[in-house]
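In what follows, a structure is listed as structure tokens, so that the remarks can point back to it.
We did not get these values from a lab; they are worked out from the coordinates using the rules stated. All figures in this text were calculated on a predicted structure; none of them were measured in a lab. Neighbour counts are summed over all protein chains in view; Cβ atoms, including those assigned to glycine, are modelled from backbone coordinates with ideal geometry.
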Amino acid sequence: MKKLLLSFLLGCLTLSADQINIAVAANVSYAIDELKSEFAKLHPDTKVIVTLGSSGKLTAQIKNGAPYGLFMAANMKYPQSLYNDKIAITKPVVYAQGALAYLSDTKQDFSKGIDLLADKKIKKVAVANPKTAPYGKAAIEAMKNANIYDKIEQKFVFAESISQTVTYAVTAADIGLIAKSSLFSSKMKQYKKGVNWVAVDPKLYTPIKQGIVLLKDGAKNPEYKLFYDFILSKKAKDIFKSYGYIVE
């Protein structure tokens, strides 16, 4: 199955001089179109092909030979692993810092803080798979630090990525712990701060520093470096800020 998947990826991601193929953590899916649009203004001849997914799964694909030239991960662990294995040709650099938020399709009493998750009215809690999604790992860490994990573990509905968690939070669950950045998408305007969502206390989890690296395939095409530099530019940082990320 892995060989078939890799063959499919190799077939779909054909490298060309004016096309770059990048792997992007699912939480960036809400900002990536605007980032691509601004990059296109600077480099109109470069076509950016994006593959979205959980950082863990994208890392596994890269280690199995998927021809991505650049990786935007949801934390520093996975790009560091690729650098240690000499698959990444640059050390991981933080491009943005993410945050967790609660999201519900119905009005919630967020004055309870994270203890809301233990409320009897909350039957299901959507969480990203902590084994492959850094935001899922941060969510579990927050619940453990608040000493409610054991009380609510049976309520969890696991999603494969943080973007899928957003869907589950408003369909398959009563509430979810999601990437705050998703709430700044135009598609999420119906969800109101203080009514449907609030940020999770950042003191409850380790800061989610998101890392970017150039990969071996990126060395073959200078346009990867152009996109890498753009993501670290002031323009890109302003875009990340507009989606609720923290940038230095």
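In the range 148-206, one over the average inverse separation of all distinct C-alpha pairs is 12.7 Å, which is the Kirkwood hydrodynamic radius.
Taken as Cα centroids, the range 80-94 and the range 186-248 sit 18 Å apart, rounded to the nearest whole angstrom.
Along the axis of the charge dipole computed for the chain (Cβ charges of +1 for Lys and Arg, -1 for Asp and Glu, origin at the Cα centre), the listed residues L116, V195, N221 are led at the positive end by L116. Rg over Rh for the range 67-199 works out to 1.02, using Cα positions for both radii and the Kirkwood form for Rh. At 0.890 mPa s and 25 °C, plugging the Kirkwood radius over alpha-carbon pairs of the range 126-248 into Stokes-Einstein gives what diffusion coefficient in µm²/s? The estimated diffusion coefficient comes to 151 µm²/s.
Shape descriptor for the chain: Rg over Rh equals 0.99 (Cα atoms; Rh from the Kirkwood inverse mean 1/r). The packing ranking, built from the mean of other Cβ atoms within 10 Å per residue, places the peptides 147-156, 51-60, 125-134 in the order 125-134, 51-60, 147-156, highest first. When shorter helices are ignored and each DSSP H run of at least 4 residues is given -39500 (n - 2.57), the per-residue value for the chain at 222 nm works out to -10000 deg cm²/dmol. At the listed q of 0.18, 0.24 Å⁻¹, the Debye profile of the range 73-122, built from one uniform point per Cα, gives log10 I(q)/I(0) equal to -0.65, -0.87. Length gained on full extension, S37 to V247: 73.6 nm, using 0.36 nm per residue less the C-alpha separation. Normalising the Debye intensity of the range 115-161 to I(0), with uniform scatterers on Cα atoms only, and taking log10 at q = 0.16, 0.27, 0.31 Å⁻¹ returns -0.38, -1.01, -1.20.
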